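The values are calculated or read from the model by the stated rules, or taken from the named source; none is laboratory data. Small disclaimer: the values here were computed from a predicted structure and weren't measured. Neighbour counts run over all protein chains shown; Cβ positions are idealised from the backbone, glycine included.
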Amino acid sequence: MKKELELYELVLLLKFTATEGETNERIQRYKDFLTARGSQVMVKNQGKRSLAYPIQGFETATSVQFVYLGNGDLIKALNVELQRDEAILRSITTKLMDESLSKLFT
């Protein structure tokens, strides 16, 4: 039985050395990667961010947020792609809590 799709958030910190066009190209590549596998994606480019501590010698990075539908298989495939990309300083994927569950904790 195939696992149901759940809502996930991916935050990427990209090296700030890229031009705006290169950054938009990279964002589109990951958006296309997700949609080609049947996901729905929302993307928000947060722009330049100062980092709390240097990562790989960078003190600023471009922050990009993806919210998408996925399952474990999609996340594994996406993580492989992210690990191969040298322009990514950090990436974190979190499962967004269901609204019915969040009401239990309030």
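Within the set 65, 46, 56, the sole residue that is at pLDDT 95 or above and surrounded by fewer than 15 Cβ atoms within 10 Å (Cβ to Cβ) turns out to be 65. Of the helices (runs of 4 or more DSSP H) that lie entirely inside region 7-106, those containing 3 or more residues that are under 13 Å from the mean Cα position of the chain (by Cα) span 20-36, 72-84. Looking across region 68-100, the residues that are modelled with pLDDT of 90 or more and of a type in the set (A, V, I, L, M) come down to 69, 74, 75, 77, 78, 80, 82, 87, 88, 89, 92. Scanning region 13-44 for residues that are charged (D, E, K, R), touching a strand residue (DSSP E or B) at 6+ places or on another chain (Cβ under 6 Å) and under 19 Å from residue 77 (Cα atoms) gives a single hit, 31.
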